[in-house]
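I have placed the structure first, in the form of structure tokens, so that the comments after it can refer back to it.
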Amino acid sequence: MGKQSVRLMLVGADGGLGSVVRDIVGNETDWALIEVGRRTVRREGVEEGFDSGSRAAWRSLFDSREWRPTVVVNTAAITNVDACETARPEAWRSNVTLVENIAAECKRHACKLIQISSDYIFDGAAGPYGEHATPNPINYYGKTKLAAENACIGAEINHAIIRTMWLYGEGRRGKPSFVSWLVDTLAARKTASVVTDEIGNPTLYDDVAYGIIKIIERDYSGTLNIAGPDLVSRWEFAQTVARIYNLDAGLLNPVQSGELKRAARRPLRSGLISFHVQTLMGLRLTSLADGLGTCRVIELRMAR
């Protein structure tokens, strides 16, 4: 796919990952960029109203020659795991029906679809997981993400699925990440309860964004894991955040996952193996210390 021929529709452009993808694409490519939010569509500074929950609205958007993409990247989803457990119809509409609507339009117009998925499609009994591991979600959020994957596959379109996890990064837009929540909590001298028995890979937004760009440039199809190289517990993650941000780790309170009495179960022994994206795409994945260090430097610059 030629770089100059790319017309990228970015769904969820105002979220944490979406905003980073938007910035990197805008700064480092010459691609035409169409930004889709829950209620708006933007292109070249022009904003229009839009209803992302309407099947007819998606059809009309794709039918417009002015807006029609060659590639769609969907970063939109309800990622609040407990909210998905308690508000299942809304979670299904946002995480599955939305993907079905987009996939149907991609099929009509021969567009490529890149869908963001999650390690939560697995049960966390025997991680870390490769791309060919058998899914077995243990909460409703995981079930919606697996259903979204199946919607892409079932549509019989050119598609790529990116599985990622424990996202963090600069640009505190959208839902706060674990890192931004922790930094704000510790900076306010408040205690933070952090689980010691959940294991996974903290992943920098930028790594996923650059992975998306490489997938588009190479027109890769299939499923790829993109997750950070460090397999750590949430507790170790928090300890590293406190150290890099020079915050008081004594405010961290270690707990077991079951003690928090959350609505949804979490995979405990999780993690994703990202060997293929490194070998096939040449993507360099950022260590947790380096990623947090970069975020810290950027924040200090912005505070001046």
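The values are calculated or read from the model by the stated rules, or taken from the named source; none is laboratory data. Quick caveat, the model's predicted, so the values are computed rather than measured. Glycine also receives a Cβ, built like all others from the backbone with ideal geometry; neighbour counts cover every protein chain displayed.
Remarks
- Within the set K214, K190, the sole residue that is surrounded by fewer than 21 Cβ atoms within 10 Å (Cβ to Cβ), touching a residue at least 24 places away in the same chain (Cβ under 8 Å), of a type in the set (K, R) and over 23 Å from L272 (Cα atoms) turns out to be K190.
- When each of A87, A76, A56 is tested for being within 17 Å of I114 (Cβ to Cβ) and among the aliphatic types (A, V, I, L, M), the lone residue that passes is A76.
- Selection over the stretch 231-247 of residues that are touching a residue at least 12 places away in the same chain (Cβ under 8 Å) and in a helix (DSSP H, G or I) gives a count of 9.
- Restricting attention to the stretch 107-150, the residues being part of a loop (DSSP other than H, G, I, E, B) and charged (D, E, K, R) number 2.
- Scope the stretch 35-75; condition within 19 Å of H109 (Cβ to Cβ) and hydrophobic (A, V, I, L, M, F, W, C); matching residues: V36, V41, F50, A56, A57, W58, L61, F62, W67, V71, V72, V73
- Residues that are part of a helix (DSSP H, G or I) and touching a residue at least 60 places away in the same chain (Cβ under 8 Å) within the stretch 8-29 comprise G16, L17, G18, S19, V20, V21, D23, I24, V25, E28, listed in sequence order.
- Hits in the stretch 61-102 (condition: in contact with a strand residue (DSSP E or B) (Cβ under 8 Å, 6 or more places away or on another chain), surrounded by fewer than 21 Cβ atoms within 10 Å (Cβ to Cβ) and part of a helix (DSSP H, G or I)): none
- Residue satisfying all of: in the stretch 249-288; over 25 Å from Y140 (Cβ atoms) and over 24 Å from the mean Cα position of the chain (by Cα); surrounded by the most Cβ atoms within 10 Å (Cβ to Cβ) among these: L252
- Residue in the stretch 158-178 that is crowded, with 18+ Cβ neighbours inside 10 Å, of a type in the set (S, T, N, Q) and under 23 Å from D248 (Cβ atoms) present: yes
- Looking across the stretch 151-161, the residues that are assigned to a helix (DSSP H, G or I) and either under 17 Å from I226 (Cα atoms) or under 18 Å from the mean Cα position of the chain (by Cα) (or both) come down to A151, C152.
- Neighbours by Cβ (under 6 Å, 6+ apart or cross-chain): first from the stretch 288-304, free of Cβ contacts under 8 Å to residues at least 60 places away in the same chain; second surrounded by 11 or more Cβ atoms within 10 Å (Cβ to Cβ) and assigned to a helix (DSSP H, G or I): G293/I244; R296/I244
- Selection from the stretch 200-230 of residues that are assigned to a strand (DSSP E or B) and within 16 Å of the chain's Cα centre (by Cα): G200, T203, L204, T223, L224, N225
- Taken over the stretch 1-23, the criterion of being more than 18 Å from C111 (Cα to Cα) and touching an Asp or Glu at 6+ places or on another chain (Cβ under 7 Å) is satisfied by A13, V20, R22.
- Test: S52 is modelled with pLDDT of 95 or more, closer than 24 Å to L224 by Cβ and of a type in the set (S, T, Y): no
- So L292, is it of a type in the set (A, V, I, L, M), surrounded by 14 or more Cβ atoms within 10 Å (Cβ to Cβ), at pLDDT below 95 and part of a helix (DSSP H, G or I): no
- Test: residue in the stretch 64-73 that is at pLDDT 95 or above and either within 30 Å of I199 (Cβ to Cβ) or among the charged types (D, E, K, R) (or both): yes
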